[in-house]
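Okay, so here's the structure we're looking at.
The values are calculated or read from the model by the stated rules, or taken from the named source; none is laboratory data. The structure displayed is predicted, hence computed values, not measured ones. Every residue, glycine as well, gets a Cβ built from its backbone with ideal geometry; the counts of neighbours run over all protein chains shown. Side chains included, ligands, DNA and RNA excluded: accessible areas come from the protein's heavy atoms. Shrake-Rupley method; radii C 1.70, N 1.55, O 1.52, S 1.80 Å.
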Amino acid sequence: MKLLKFLKINKQQEEEKTSKKIIRNTAWVYAGFIFNTLIGIALLPFIISHLGKDAYGVFAIVGVVIGYTSLLDFGIGITLVKFISEYNVKKDYEKINKIISTAFILYFILAFIGCAVILLFTDYFVTSLFNIPENLMDVTRMVFAVTAVTFMFNFIFGVFGNVITGLQRFDISTKIQIIMKAVSAIAIVLVLYLGYGLLEFVIVSALLGVTGIIINIIIAKRLMPEISLIPRYFDFHYVRVITSFSFAIFIVSISTVTTLNIDKLLIGIFLPIEEVTIYAVGATLALVIWEIPSKIIQIFIPTSSEFEAKKDKESIKKLILNGMKFEILISIIFVIFCIIFSKEIFLYWMGPEFEKSAIIFNILMLGFFANNMAQPVGSVSMGTGKTHLIVPYSVISIILNVPISIFFIQKWGVIGAALGTSVVMIFVWLLFTIHSCKLFNIKAHEILKEFSKIILIVVFLSLLLYLLHNSFPPGTLYELM
């Protein structure tokens, strides 16, 4: 009861203006992101030092495999968020129950397939596909087994997390994340400090993940007591509704997973497993910087769905412009600082042996910046049902990313992996942004008007940080901070 009171779960929540919901949700999303990021960054050196580069490389590879298996979602999750948000505006709980029950059964089938595929190919992954050291082969098999079973449970019952998101209660979902992250951090430190290894680390993480899902189930039911998972609610009509919208989301998801994970997969195939760790460290910090402005985009899908239901075209246009302005301003501030000080950041954070990770980070940041520009209009496209805008560019990204990354890896090693991914992101997502803005009737002069002040900020900030770095180079982590 104390937990429910802390989360402030109230079914009879007063109607809020959309602007108020956006502000509240944005604040909570960023509060959770800051907390989770600080914990993750602080723990990473500790985890790698206790597991070793090879074992952490195995952990990263398993994470990539699970990430690709999660594509069996086929975009159903985002589809649920869209329709729950839309039907909730109309208080149509019968349709909500039908689409949730239909999605739950689809999830059950797909989760079983995903788990079976991982278990079936585990031996091939361990002995043939990846460069797993012989002393870690047995442990890697067990890690794959644990993560496969955990994936199945989390995948099936993840539908309840989509209910919370669809109701736009990001405050509640963020509080859950903060609680579970804090508990997870304590548990992981304890396990590794006591001398346990990779397998125990993964088991503890898996159990805590399952606990988080159970909490989501309880809270979703409290927020919307009307929801029911009843087999008779399964409806082939809603299978068509889900698949007609989710196919495009599926393509976008493949593009996203490929962008974020394919390099680690390819490095694990072509290079020694410890190189995965070198890449993962640089990519982890790049991903953090990418997510700082991107977190607000979580709110754009249900918000734009609500505007679409109200036929409010002008608000959709403002949402895109404000989102782009926010993304670019926040992105450029962090990108400039981190690139100028990247050498010192990685030296004081991870140590001198991760100097190459700083180069990987700098390269990836340029690609992620291009992606940040495209995210507001991309998310609004999904929220308003205009998924046809983003699908062709996602397909192009998938087609180009793998061969270019393989070519660059063979030419320049682990740094080539980052270079290949960034080249593709810059090319594809800049084109997408230009094309999509035209279709939403956003003129070039409107964009320039919004961003003219940002250009001045960028020039001033770049000169200031460059002079600061050259005149007073940080000699310690304290000075850097």
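Points worth noting:
- Only Lys, Arg (+1) and Asp, Glu (-1) charged, at Cβ; the range 323-481 dipole about Cα centre in debye: 520
- Cα pair count fraction exceeding 20 Å, expressed as % - the range 83-163: 50
- Extreme residue, positive dipole direction of the chain, given options G197, L229, I186 (C-beta unit charges): L229
- Note: the range 397-463, Cα convex hull, 97 Å³ per residue.
- Computed from the alpha carbon positions, the gyration tensor of the range 121-191 leads to an equivalent ellipsoid with semi-axes of 33, 18, 9 Å, biggest first.
- Burial ranking of peptide ranges 451-462, 100-111, 432-443 (average Cβ count within 10 Å, highest at the top): 100-111, 432-443, 451-462
- By the Stokes-Einstein formula, at 0.692 mPa s and 37 °C, the range 98-232 with its Kirkwood radius over alpha-carbon pairs has D equal to 196 µm²/s.
- When a 1.4 Å probe is rolled over the protein heavy atoms, the share of accessible surface on the chain that falls to carbon and sulfur comes to 70 percent.
- For the chain, a simple Cβ point-charge model (Lys and Arg +1, Asp and Glu -1, everything else neutral) yields a dipole of about 1760 debye relative to the Cα centre.
- Residues in the range 442-481 that a label on V189 would reach, taking backbone N under 11 Å of a point 7 Å out along Cα→Cβ: none
- Size-normalised alpha-carbon gyration radius of the range 328-402, reference 2.2 N^0.38 Å: 1.43
- Partners for K356 among aspartates and glutamates (Cα-Cα distance below 12 Å; same-chain residues under 8 apart left out): E275
- Pairs exceeding a 23 Å alpha-carbon distance, out of K313/K386; K20/K95; K175/K264; K98/K221: K20/K95; K175/K264.
- Divided by 2.2 N^0.38 Å, where N counts the residues, the Cα radius of gyration of the range 43-115 comes to 1.65.
- Residues in the range 124-166 that a label on L207 would reach, taking backbone N under 11 Å of a point 7 Å out along Cα→Cβ: none
- The distance between label points at V395 and E355 comes to 4.6 nm (points 7 Å beyond Cα on the Cα→Cβ vector).
- Both numbers refer to the Cα atoms of the range 330-455; Rg and Dmax are 16.9, 50 Å.
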